[in-house]
Amino acid sequence: MPALALPVADERSALREYLAYHQSAFFAVSYGLTDEQARMTPTVSTLSIGGLVKHAAAMQHTWMSRVAAAPDAPPRDPRSFDEIAKDFADQHVMRPDETLDGLLAQLEAENANSLHLVDTADLGAKVPVPHDIPWFPKGVKDWSVRWVILHVINELTRHSGHADII
């Protein structure tokens with residue numbers, strides 16, 4: 001992982017380079033770990049490197065599916081809110097049946113999809129705010145694709161910081 005993102009010439013290349021830079025952090029923090037080490041929760045939190053890798057992939061998938069569908073909403077998840085919440089909690093845990101290599105492969109695929117969308121999406125397109133999710137703002141009708149990409153970069157940055165602590 002380089003110490004700095006590459007120089008950029010314009011907005012799209014800035015979004016791409018900073019996204020790629022923060023995506024790479026999860027490969028750096030997990031480098032050389034065994035599955036057992038990736039599952040460890042050595043701090044007072046229940047977070048592990050494997051769980052953070054898993055969450056980074058799932059988070060990108062969720063947000064970038066909104067970018068791919070813009071200006072429409074992505075297909076609605078038919079599961080109940082409780083089922084979705086349970087799945088969200090599972091996103092932060094590396095289960096015994098999961099391997100770090102498998103989670104990294106999922107992350108790599110999501111990273112590639114996200115970078116492709118940064119290269120091709122209309123940055124100004126509107127992304128509808130889902131109002132059935134309680135933590136999303138009620139007074140905002142939509143975000144721009146640009147905002148969603150910046151939010152994904154923010155999420156990756158936050159969670160790679162958690163990984164640094166672990």
GNM flexibility winner over the chain from Ile84, Ile49, Ile149 (Cα, springs under 10 Å): Ile84
Helix-only CD estimate at 222 nm, as mean residue ellipticity for the chain, using -39500 (n - 2.57) per DSSP H run (n ≥ 4): -19500 deg cm²/dmol
Electrostatic dipole magnitude of the range 1-62 [Cβ: Lys, Arg +1; Asp, Glu -1; Cα centre; debye, to 20]: 100
Put a dot 7 Å past each Cα toward the Cβ at Phe81 and Thr43; how far apart are the dots in nm? 3.0
Test of understanding: what is the full-extension gain from His151 to Ala68, defined as 0.36 nm times their sequence separation minus their Cα-Cα distance? 28.4 nm
How many nm separate the modelled label positions at Glu11 and Lys126, each set 7 Å beyond the Cα in the direction of the Cβ? 1.7
Given a 1.4 angstrom probe, I'd like the percentage of the accessible area of the range 1-87 that is carbon and sulfur, rounded to a whole number. 59
Quick check on the chain: what are the equivalent-ellipsoid semi-axes from the Cα gyration tensor, as sqrt(5λ), descending, whole Å? 26, 22, 13
Cα gyration tensor category, rounded, prolate or oblate, for the range 87-139 with a/c compared to 1.5: oblate
Surface accessible to a 1.4 Å probe, per residue, for the residues of the range 92-166, Å²: 53
Over what distance in Å are the Cα centres of the range 1-75 and the range 116-140 separated? 18
Among Asn154, Gly139, Trp63, whose Cα projects farthest towards the positive end of the dipole of the chain, with charges put on the beta-carbon of Lys, Arg (+1) and Asp, Glu (-1)? Gly139
Report, in debye and to the nearest 20, how large the dipole of the chain comes out about its Cα centre when Lys and Arg carry +1 and Asp and Glu carry -1 on their Cβ. 460
Which shape class, rounded, prolate or oblate, goes with the range 1-76 when its Cα gyration tensor gives a ≥ b ≥ c as root eigenvalues, a/c under 1.5 marks rounded, and past that a/b bigger than b/c marks prolate? oblate
Taking a probe of 1.4 Å, how large is the accessible area per residue of the range 18-58, in Å²? 46
Extension gain (nm, one decimal) between Ser24 and Ala105, 0.36 nm per residue minus Cα-Cα: 27.9 nm
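The values are calculated or read from the model by the stated rules, or taken from the named source; none is laboratory data. These numbers were taken from a predicted model, which means no experiment stands behind them. Counting neighbours? That spans all protein chains shown, and the Cβs are built from the backbone with ideal geometry, glycine included. In case anyone asks, the SASA skips ligands and DNA or RNA and just uses the protein heavy atoms, side chains included. Shrake-Rupley method; radii C 1.70, N 1.55, O 1.52, S 1.80 Å.
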